[in-house]
Every structure is written in C-alpha cells, then in structure tokens.
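Participant: Please see the structure below; I have some questions.
The values are calculated or read from the model by the stated rules, or taken from the named source; none is laboratory data. In this text the structure is predicted, and so the values were computed from the model without any measurement. Positions of Cβ are backbone-derived with ideal geometry, glycine not excepted, and every protein chain shown enters the neighbour counts. Just the protein is used for accessible areas: all its heavy atoms, side chains included, with ligands, DNA and RNA removed. Shrake-Rupley method; radii C 1.70, N 1.55, O 1.52, S 1.80 Å.
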Amino acid sequence: MKYLKKQPWELDESQVTPENLFTNRRNFLKLGVAGLVSTSAVIQALANTNIDFKNLKYDYIKDANEDKLKLNTFEQITSHNNFYEFTTNQGKVKDLAKNMDTSNWMIEIDGLVEKPLFISFEDLVKKFQIYERIYRFRCVEGWSMVVPWNGFMLKDLIKAVKPLSTATHIEFETLYDEDIFPDQKSMLFSAIKYPYVEGLRMDEAMNDLTLMAVGLYGKDMPPQNGAPIRLIVPWKYGFKSIKSISKITFTNKEPLNTWQAENPREYGFYANVNPNVDHPRWSQAKERVLGSFFKQKTLMFNGYGDEVAHLYKGMDLKKYF
Ligand SMILES: Nc1nc2c(c(=O)[nH]1)N[C@H]1C(S)=C(S)[C@@H](COP(=O)(O)O)O[C@H]1N2
Ligand SMILES: [Mo]
C-alpha cells in the first residue's frame, strides 16, 4: 500500500522530527530539550509553522489510492490558497491565517430537518467515521493538486439530522467574524460579499465522494485550507468547496452561491469540472498541477464521471455550468 511507504513530507526533517517529538511550538519551548535534536533541526523547526499542526485525534480508514494519484506535498497544498476572507494573494494566505483561532467553533444546522443542531465542531466530528480520501482538486483558475484529505461523508451528517421530504438543497456558510477574517472588516473595500455561501443539490450532497473535511495528511485542517471544517466536492471547481463552515441550512430552493452572485455570467451553481465548457475568459481544457512545469489535460468531472455523471443525465452542461 502506497502510504505505508514514506510520503514526500516525511522526508523533510524540519517538518517531521520536531512534530514527532513535540505536539506544538509552545510545548517545544517549554520542554527546553533543544539538545535532543540537531541545532539545524531546531532552527528550522522554529521557522517552520508546520510544527503547529497537530495529528488528527481520530482514527481514519485509509484510501487505497487505486488510481495511483501522485500526491502534492503538504508544503504545496498549504502554501498556495484561495481564501478571500484573508487576502486575494494566494501566497500570503498561509501567513495571514496562521494564528486563526478555531477553538470553541460552533456549527448550526437548521432549516428543513427533523433534528436541527447547534453543536461544537469537536462534538460534531466525534459522531462520524473519518476517512482518508485522496482526491484531485481543480480550481476554476486552471491550477490543480492531489490532496489526501481526512473527513467524514456529508451523507452521514445528512442522515443524522433527518431532512424533511421537502428539502431539495443544502446551503453552507463560512463564519462571519471580523476579528478572524481581515477582509470581512474591509466592508466596502472587501474583495467579495461575505459570508461566503455555497450550495449543493441533495443528491450531490448524498454522493459518497462528498466530504466534510477536517484535516489533510493526517493533520488537523490547516487554517489556510479552511479550518476547522470545510466541504470537498472533488468533481466540481474548487470554489464549491467552501471553507471554515459555521452554518448548514436545508432548503427547498437552489442556493445563490457567492461566485454566482458576484458574476453570474462567469460562474453558475453547478460548476462541474468540464474541459469542454470554457470559462468566458479562458479555456478549461488544461490545468497545471501545483509544482509541475507542464500542463495536463483536464478530465470530465475531474475524473469522477463514473461516480457522478448520472446526476446530470439529460442536462445541458453548457447551460447548467
Ligand atoms: N470561505 C471560502 N471558501 C473558499 C474560498 C474562499 O475564498 N473563501 N475559495 C475557494 C476556491 S476559489 C478554491 S480554489 C478553494 C481553495 O482551497 P485550498 O486553499 O485549500 O486549495 O477554496 C474555495 N473555498
Ligand atoms: Mo478556485
């Protein structure tokens, strides 16, 4: 099995040595055992924010990676991010988000359900089986990556709250908190309107691929990737995979998602990865995987057609983009 072998990130001493010995930087300093590891490792560890990422508290079922996807490194996945609540500068999210406080994170689940919930992230995640899911992830801007996410199936959460038969869609919201997200405080000068909203049709939400991700590479979700919990819908463009979720609402109408509201000519509700339907301003036929020089062909439904094509049977995908 692939992940029993060494992963790329395991090879980087600055990431792995201190992490294995100490859970975080504060303990590391408190212990004052710098002599245990080489001086260079200590210096690197102090410079390296990765040591703040704790291992997941939950056991998870590993992904067999049957498609033999080549993983992007932890460093790549956590250094190039779209998270407008912090900044539109993809290289700077990491640094601006590094002190994001997600303790006491609450999630409200309401709308057309029998059992609405107002629950802490910690209590919610305990209820479900956690999986590792190695997925392709394709941003509408033309870059992509392969990520070993950790999370539970949205389907399991849906079953737990018992939607009413009238519920046809689910709407998700990112937390609105100006103390956490600097761009929300910018008001008129914000990059987009907040809170960030996304949505899925119920059958899309119930699909086995649809994940509520709480981590990656076996670590808690890094702030820049949407801590503590985000959606992952691997056959759709990345903007559907909303980060830092605080509210989930079951509804009877199609939610107006943030990017459709911002620019309905360029972004729709479905946003299925489709190399044959170009974005109005650029082709979607190819993508560049983070860290590679050459572009590769983009796959229909991002390579997940066997699992999801049936959801869109008879729909004109040029119209429902
Ligand atoms: N709340 C929120 N969620 C978001 C975004 C955002 O700006 N805010 N950006 C989206 C876009 S465009 C992409 S490509 C992915 C990027 O996820 P990553 O930074 O983990 O690669 O997050 C999506 N989810
Ligand atoms: Mo994106």
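Participant: In straight Cα distance, which aspartates and glutamates are under 19 Å from K193, not counting same-chain residues fewer than 8 positions off?
Facilitator: Here the aspartates and glutamates satisfying the reach criterion relative to K193 are E85, E171, E173, D177, E178, D179, D183, E254, E262, E266.
Participant: Continuing with the same structure: So with the 1.4 Å probe, I'd like the accessible area per residue for the range 50-139, rounded to whole Å².
Facilitator: On the way: 4800 Å² over 90 residues.
Accessible area per residue, the range 50-139: 53 Å².
Participant: Calculate what fraction, in whole %, of the accessible area of the range 25-312 sits on carbon and sulfur atoms when a 1.4 Å probe is rolled over the protein chains.
Facilitator: 53
Participant: Still on this structure, please answer the following. Could you tell me the ratio Rg/Rh of the range 96-151? Both radii from Cα atoms, Rh via Kirkwood.
Facilitator: 1.08
Participant: Subtract the Cα-Cα distance of D156 and E262 from 0.36 nm times their separation in residues, and report this length gain in nm to one decimal.
Facilitator: Contour length minus Cα-Cα distance gives 35.0 nm.
Participant: Using +1 on the beta carbon of Lys and Arg, -1 on that of Asp and Glu, and nothing else charged, what's the dipole of the range 263-319 about the Cα centre, debye to 20?
Facilitator: Approximately 240 debye in magnitude.
Participant: On a 1.4 Å probe surface of the protein chains, which of D183, D278 comes out largest in accessible area, and what is the full order?
Facilitator: Of D183, D278, the descending order of accessible area is D278, D183.
Participant: Per q in 0.13, 0.18 1/Å, what log10 I(q)/I(0) does a Debye calculation on the alpha-carbon atoms of the range 164-321 return?
Facilitator: Relative scattering, expressed as log10 I(q)/I(0), comes to -0.69, -1.31.
Participant: Give the calculated FRET efficiency between R281 and Y176 to the nearest 0.05, with a Förster radius of 45 Å applied to their Cβ-Cβ distance.
Facilitator: Numbers: r = 29 Å, r/R0 = 0.65.
Efficiency, rounded to the nearest 0.05: 0.95.
Participant: Also: Out of every Cα-Cα pair in the range 25-312, what percent are more than 28 Å apart?
Facilitator: 37
Participant: Points 7 angstrom from Cα along the Cβ direction at K115 and F293: gap in nanometres?
Facilitator: 5.5
Participant: With just the Cα atoms defining each centre, how far is the range 69-144 from the range 199-270? Give it in Å.
Facilitator: That distance is 9 Å.
Participant: Next question, about the same structure. Under 16 Å from a label point 7 Å along Cα→Cβ of K54: give me every residue in the range 80-114 with its amide N that close.
Facilitator: Answer for the range 80-114: 99-106.
Participant: Right, something else. Using a cut-off of under 12 Å, list every residue of the range 61-94 whose amide N is near the label point 7 Å from the Cα of A191 along the Cα-to-beta-carbon line.
Facilitator: Correct set: 80-94.
Participant: I need the trypsin sites (Lys or Arg not before Pro) found in the range 109-168, filtered to DSSP loop residues with at most 13 other beta carbons within 10 Å of theirs. Mind dumping the intermediate values first?
Facilitator: Details: sites: K126, K127, R133, R136, R138, K155, K159; in loops: K127.
Those that pass, being in a loop and sparsely packed, are K127.
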